[in-house]
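For reference, the structure is listed below as structure tokens.
Nothing in this text is a laboratory measurement; each read-out follows from the coordinates by a stated rule. Worth saying up front: this structure is predicted, and the values here are computed from it rather than measured. No Cβ is skipped: glycine too gets one built from the backbone with ideal geometry, and neighbour counts run over all protein chains shown.
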Amino acid sequence: MIEIVKPLVTGIVRVTKTNMLTGKIVAFEEKKNLVLYRAADLMAQAITGNDEYKISSVYFEYDNSNTNVPSFTREDGESYYNALPDSPTGSRDFLRIPIAASPSFSVESGSTGTSSSSSSSGGGGSAPSYYLNNIVTFYAVTSGEVGIKGHSYSDGISNVLGAALVATPVQSDQAQDKVFSRTYFSSSFQKEPNHQIAVQWALQFNVLDI
């Protein structure tokens, strides 16, 4: 009998605003992300060893006029960002920031990293863990003074509203980027002198029986 399983990808985004002179974190939030349909395409490419489709950047979305957060679905990936108007029209833009360091790997809380032949159905107990490194974490920090669409990223004016995890097949051509997942924050993070906004983006992979 062939066992049917379903892959599951979930993500948690931790955003911080830090005073770079003192190292003090002055604001913090943790949010879930929405994994987009495009993520399946990227994962299919990734398991063949195609480096062009690995996660390599984060979009920091900001606005210089309002802090309204758009509604979005799993279909709203790169088309949303590419449709934002170029300066001087509009006030919304995004920074395209490379991942700051090599991603780190970890295992979900409570996992032993050992497997078992027992079934997780029935009995009421916790399912055994079959994972060793099923969480990958990416890190990126804001930088720059102008967004992709040409709007300024300025102290006291620009408010960071959300972020996206992105693959950049052609680093020199943003129009070819592919968006893996997106999130928006409950409160905006305003750019201030000597402060930077960072995200720590953890993706957890599990396999579920169906």
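Say we join alpha carbon atoms closer than 10 Å with springs in a Gaussian network model of the chain; which of 159, 68, 133 then has the biggest fluctuation?
The residue with the greatest mean-square fluctuation here is 68.
Expressed in nm to one decimal, what extension gain is obtained for the pair residue 82 and residue 106 from 0.36 nm per residue of sequence separation less their Cα-Cα distance?
Working: separation 24, 0.36 × 24 = 8.64 nm, distance 3.36 nm.
5.3 nm is the gain from fully extending residue 82 to residue 106.
Taking the inverse of the average 1/r across all pairs of different Cα atoms in the chain, what Kirkwood radius in Å do you get?
Evaluated on the chain, it is 18.6 Å.
How would you rank 92-102, 13-23, 194-204, highest first, on the average number of other Cβ atoms within 10 Å across their residues? If you can, show how the numbers build up before the last one.
Values: 92-102: 17.7, 13-23: 15.3, 194-204: 19.4.
By packing density, highest mean first, the sequence is 194-204, 92-102, 13-23.
Among 56, 79, 71, which one shows the highest mean-square fluctuation when the chain is modelled as a Gaussian network with alpha-carbon springs under 10 Å?
Residue with maximal mean-square fluctuation among 56, 79, 71: 71.
Quote the FRET efficiency, to the nearest 0.05, computed for residue 154 versus residue 9 with a Förster distance R0 of 41 Å and r equal to the Cβ-Cβ distance. List each step's numbers first, then the result.
Working: r = 35 Å, r/R0 = 0.86.
Efficiency computed from Cβ-Cβ geometry: 0.70.
Taking 23 Å as the cut-off for C-alpha to C-alpha distance, list the pairs among 24/149; 32/54; 149/191; 32/149; 32/178; 17/178 that go past it.
On the way: 24/149 31 Å; 32/54 21 Å; 149/191 18 Å; 32/149 27 Å; 32/178 19 Å; 17/178 26 Å.
Listed pairs above 23 Å: 24/149; 32/149; 17/178.
Once fully extended, how much extra length lies between residue 172 and residue 143, figured as 0.36 nm per residue of separation less the alpha-carbon to alpha-carbon distance? It would help to have the intermediate numbers written out before the result.
Values: separation 29, 0.36 × 29 = 10.44 nm, distance 1.76 nm.
Between residue 172 and residue 143, full extension yields 8.7 nm more.
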